[in-house]
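Please treat every number below as a calculation from the coordinates, not as lab data. As the structure is a computational prediction, the values presented were derived from the model and not from experiment. Here the Cβ is made from the backbone with ideal geometry for all residues, glycine too, and neighbour counts use every protein chain on show.
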Amino acid sequence: MNKQLKDLKSNYEEQNTPIELEQMIAGFKKRRSARRFYYNSIISIVALMLMFLTSLNISPVLAANMAKIPGFEPIVSALTITKDDSLHKADITVPKVIGTSKEIVALNAKFEKEGKELYKQFALDAKVVHDGHVGIESDYIVKTEKTNLLSFGQYTVNTVASSSTTMKYTSIDPQKQMIITLPSLFKDKAYVNRISLYIEEQMKKEMAKEHTDKTYWVKTGKPEDDLFEAFTKIKKNQNFYINKKNHLVISFDKYEVGPGAMGIVEFEIPTKVINDLLLPNKYIK
Amino acid sequence: MMRKKQEKIFIEFIDQYKKRFYLLALTYTKNEQDALDVVQESLSKAWKSFPTLKDHSQLKSWFFQILVRTAIDFLRKQKKICLMEDDQIEYFSPNQVDTYTNIDLHTALNNLPYQFSEIIILRFFEDFKIEDIANILDIPLSTAKSRLYRALKLLKIELVEEAANHE
């Protein structure tokens, strides 16, 4: 090698590294082995069983759920709040993912908090609109359930005068006890544009069909384009789930990409569209 | 267990190269804390998808690919970069003076736009083949070659034939 390059190389290699590098690497290793501990250890299974038995006693809903379905369930109803006095109706069911990892515990805590907040908001609305209809309904639907993949959506229908529906999906790897986020599936952020382009194309295609009642807020080159804010890009953390065919499905809430009549809009993304951008993974095929 | 074996390979790899991860990240971020963040994020990403890496002989170039992408992603988030053609990159680079001492040369390398410094580092400090580099940086082979050539020129390093060609 050229002498200048040799010198340059030794200069490069002799740079100091901060002590935090060692600390960070040590922390990383520790977390890895902690996770492995959960995998292999009988203790964790015992702990899980204990937790299970206790929660069976506490929650009749959980018990009912367990009785209903044979075998081990990765997700159960943890909390059900109901109230019904002809005018004001609340029916909130909060899911709980079975797991002991930090991520899962935090997720469950978040669900519980959100559920309670929904009810609080409902109680508040009911007070304000004491002689009108106020309703809240929230539950979850499991979309995909495999050994290494659990995708489910939580929907909330809010009725105060008019109704609005929202859907929030969550995907989890029950084996690794990890939350699967949209960015974590891809090598870099290129997926945002790739998926957006594909969806835009599909929207236009669907609208171009004869006798279609589908309308999306997408640029068509017509004057009415100016009436709305056209869809350009999905969010980095756009709502998504992975369906039974292991395909990615992108979901938009009511009003997000089209008029309310369209409701919740979902697009299945063919894997070949995004294949080269995916990090190697077991979830999307 | 499979997982245990995988973990051993991964941890050994980290221990062997951790300093190099950091130095490469630093080339992009120019800042200690950000470089650490980039390394940490790359480690998590890599660990998550490690079970699906079939050919472990590719581990180093596979990991560096993740590291480079994470670093560039980070710069994008910071809006510290904009996309330019190679010609423009050169145009906007600081003027290079004629001679360097070794220390100056090092500074010069640091001051190059990352499109040039990364290629020098990967080629000469990390000993990747030019084909691997094209793959890691996700650019055509011809672009990789011409960037390497320009980078050396910008650093005023006498071109030896081996520089542009791989062994």
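Numerical summary
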read-out: Search result, residues across the range A:165-220 that are basic (Lys, Arg) and in a helix (DSSP H, G or I); value: A:Arg194, A:Lys204, A:Lys205
read-out: Hits in the range B:1-33 - residues which are among the acidic types (Asp, Glu), under 17 Å from A:Gln23 (Cβ atoms) and more than 7 Å from every other protein chain (Cβ to nearest Cβ); value: B:Asp15
read-out: Residue list for the range B:126-150, filter: in contact (Cβ under 8 Å) with a residue 40 or more places away in the chain and either in contact with a helix residue (DSSP H, G or I) (Cβ under 6 Å, 6 or more places away or on another chain) or buried (at least 18 other Cβ atoms within 10 Å of the Cβ) (or both); value: B:Glu126, B:Phe128, B:Asp132, B:Asn135, B:Ile136, B:Leu137, B:Arg147, B:Arg150
read-out: Search result, residues across the range B:34-45 that are over 13 Å from A:Leu21 (Cα atoms), crowded, with 18+ Cβ neighbours inside 10 Å and among the small types (Gly, Ala, Ser); value: B:Ser42
read-out: Single condition A:Ile81 does not satisfy, out of (1) crowded, with 16+ Cβ neighbours inside 10 Å; (2) within 18 Å of the chain's Cα centre (by Cα); (3) among the aliphatic types (A, V, I, L, M); value: (2)
read-out: Count of residues meeting criterion [surrounded by 14 or more Cβ atoms within 10 Å (Cβ to Cβ) and either over 17 Å from the mean Cα position of the chain (by Cα) or within 14 Å of chain B (Cβ to nearest Cβ) (or both)] in the range A:257-285; value: 14
read-out: Which listed residue, of B:Leu75, B:Leu36, is of a type outside the set (S, T, N, Q) and within 10 Å of chain A (Cβ to nearest Cβ); value: B:Leu36
